[in-house]
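Have a look at the structure below before the remarks.
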Amino acid sequence: MDSALPGNDGYAAVLFVEGAQVARQMRAQEFGAFLDGYVGLSDLADTDVKAVYVLLDGQLQVRSLVFFRIWFDEEGRADSHWNLPVEELALEGASGPDLGAGPIRLVCRSQCPRPALADELWDPDMSPGQNQFQAIRKAIEANSLNFRRLAPEVPDEQVPVLRAQASGGQEDSERADRTRLARLIRAQRLRIKTLQSVHRDSVAEIRREHRLEMQGVRAEVAELEQGRERQRLVNEQLKERLAERNQQYLNLQEQLQQQATATEAGAQTRGAELVLLNEQLERRRRELALRDERIAQLEQELEEIQQQEPAEDTLMRHLKDQSVFLVAYHAGLGHMTLPFDDIERYFLNPTGFAANKCGLNEPAYLDWLDHYEQPVCRHQHQGRLCGQPVMRVSQPAEFRAGLDDRCDQHRPAARASDPAPQKNDGSR
């Protein structure tokens, strides 16, 4: 890749673009060295770079631009499989904007002479304040690559030109107006194409961020559910211990009563033992009272955890503050819009939630769902399913297990030998 054009009447360069700025410039020969793997760029390691191949004339005016992408690996070396023919594309580009010396040849993703290569290109941003064409022109005018400006060619002889008459001048003016109008139309079409491309990229990025946010929400909901389950287990253990302590208390009380009955005759001789037992009983009562207080405190903390608002500056808090709704789809219900307060209960058991919305228990909803997804006769004989197609019942509440999922041959009304259909009591 040579930095000079054929015939030594111009130059070629490669610019790396970041946003509305030209971040790096190099002559075409230097870029060729990167492609050959002789040198690397550590600051571009593992990066997909937006670059521009620029053709200049001898007066350093932009004549052609090719907007291409190139990836640099973990060591900052250019992709060894990159073989985009940017020099050829620069000569095949269609008309683009005027950067000072007339319309340039432009090659980008939305204006590519070889459609098979469009995915390796990118569209420049032409929005006000972010116009990358202006950034490229300013970088070329600064001439930080120190290209030598060539003198314009001067014809050996000046050929006199006769001035046209007034009518001819008017025709030239009209032709110039049409030319300017055609250039303006081409520029606006290019801008529309690039804006559409930028919009598609923005929508794709927003969708990707939304997927990541939803994954985070699901992870946070799962973590909260695990915390609540752990708290529930702790609460159950405390209740079991409390039951054991209560039983111990009752046993001690019974022992005390037995001891008191057995020692009525010798109260004076065994008074010390009675005092000791009373002290033990009182100590047990205090321990039980403390444990009761602790259990009540833990139950209150569990209730507060379940009812507490999401923490500030968290995704769950933003979802609630912004009144975000979750949209879920289930057969028999269609799309459901779930408010924030129902999101957690939905994720705990989506099928049970949908069954409840249909007015059914979960096993009955699953029976209907099996019938809805595969409407065939489910009569079994010697372990084999009949499998004859039956009429699909589209509404869960109208489905009758044992009737609607039987063909005419196996319905109880058709064959007295078959058992009567059983009501769906929740078993599958």
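The values are calculated or read from the model by the stated rules, or taken from the named source; none is laboratory data. Here the structure is a predicted model, which means the values were calculated and not measured. Every residue, glycine among them, receives a Cβ derived from its backbone with ideal geometry; neighbour counts consider all protein chains shown. The accessibility values were calculated without ligands, DNA or RNA, using every heavy atom of the protein model including side chains. Shrake-Rupley method; radii C 1.70, N 1.55, O 1.52, S 1.80 Å.
Looking at Asp156, is it surrounded by fewer than 20 Cβ atoms within 10 Å (Cβ to Cβ), in contact with a strand residue (DSSP E or B) (Cβ under 9 Å, 6 or more places away or on another chain) and at pLDDT below 90?
Spelling it out, it is not the case that Asp156 is surrounded by fewer than 20 Cβ atoms within 10 Å (Cβ to Cβ), in contact with a strand residue (DSSP E or B) (Cβ under 9 Å, 6 or more places away or on another chain) and at pLDDT below 90.
Of (1) among the aliphatic types (A, V, I, L, M); (2) more than 36 Å from the chain's Cα centre (by Cα); (3) assigned to a loop (DSSP other than H, G, I, E, B), Ile104 satisfies all except one. Which?
Among (1) among the aliphatic types (A, V, I, L, M); (2) more than 36 Å from the chain's Cα centre (by Cα); (3) assigned to a loop (DSSP other than H, G, I, E, B), Ile104 violates only (3).
Looking at region 7-23, which of its residues are in contact (Cβ under 8 Å) with a residue 24 or more places away in the chain and either of a type outside the set (Gly, Ala, Ser) or not in a strand (DSSP E or B) (or both)?
Asp9, Tyr11, Val14, Leu15, Phe16, Val17, Glu18, Gly19, Ala20, Gln21, Val22 - these are the residues of region 7-23 that are in contact (Cβ under 8 Å) with a residue 24 or more places away in the chain and either of a type outside the set (Gly, Ala, Ser) or not in a strand (DSSP E or B) (or both).
Within region 55-84, count every residue that is part of a loop (DSSP other than H, G, I, E, B) and either more than 37 Å from the chain's Cα centre (by Cα) or touching a residue at least 24 places away in the same chain (Cβ under 8 Å) (or both).
12
Please state which one of Arg241, Arg230, Arg285 is in contact with a Phe, Trp or Tyr (Cβ under 9 Å, 6 or more places away or on another chain) and either exposed (fewer than 12 other Cβ atoms within 10 Å of the Cβ) or not aliphatic (A, V, I, L, M) (or both).
Arg285
Which number in (1) free of Cβ contacts under 8 Å to residues at least 60 places away in the same chain; (2) part of a helix (DSSP H, G or I) marks the one condition that Leu366 misses?
(1)
Could you list, in sequence order, all residues of region 1-22 that are at pLDDT 90 or above and buried (at least 16 other Cβ atoms within 10 Å of the Cβ)?
Tyr11, Ala12, Ala13, Val14, Leu15, Phe16, Val17, Val22
Looking at Ser127, is it over 26 Å from Gly32 (Cα atoms) and either in a helix (DSSP H, G or I) or in contact with a strand residue (DSSP E or B) (Cβ under 7 Å, 6 or more places away or on another chain) (or both)?
No, not satisfied.
Restricting the search to region 263-316, which residues are charged (D, E, K, R) and modelled with pLDDT under 65?
Across region 263-316, the qualifying residues are Glu309, Glu312, Asp313.
In region 24-44, which residues are of a type in the set (Asp, Glu) and either touching a strand residue (DSSP E or B) at 6+ places or on another chain (Cβ under 6 Å) or not in a helix (DSSP H, G or I) (or both)?
Asp36
When you scan region 333-347, how many residues do you find that are under 21 Å from Glu223 (Cα atoms) and surrounded by 12 or more Cβ atoms within 10 Å (Cβ to Cβ)?
Qualifying residue count, region 333-347: 8.
Look at region 45-54 and say how many of its residues are open to solvent by 40 Å² or more (accessible area, probe 1.4 Å) and not in a strand (DSSP E or B).
Matching residues across region 45-54 total 1.
When only residues in region 395-407 that are more than 12 Å from Arg378 (Cα to Cα) and assigned to a loop (DSSP other than H, G, I, E, B) count, which is most open to solvent (accessible area, probe 1.4 Å)?
Arg400
Scan (1) among the hydrophobic types (A, V, I, L, M, F, W, C); (2) modelled with pLDDT under 90; (3) farther than 25 Å from Ala151 by Cβ for the single condition Ala101 breaks and write down its number.
(3)
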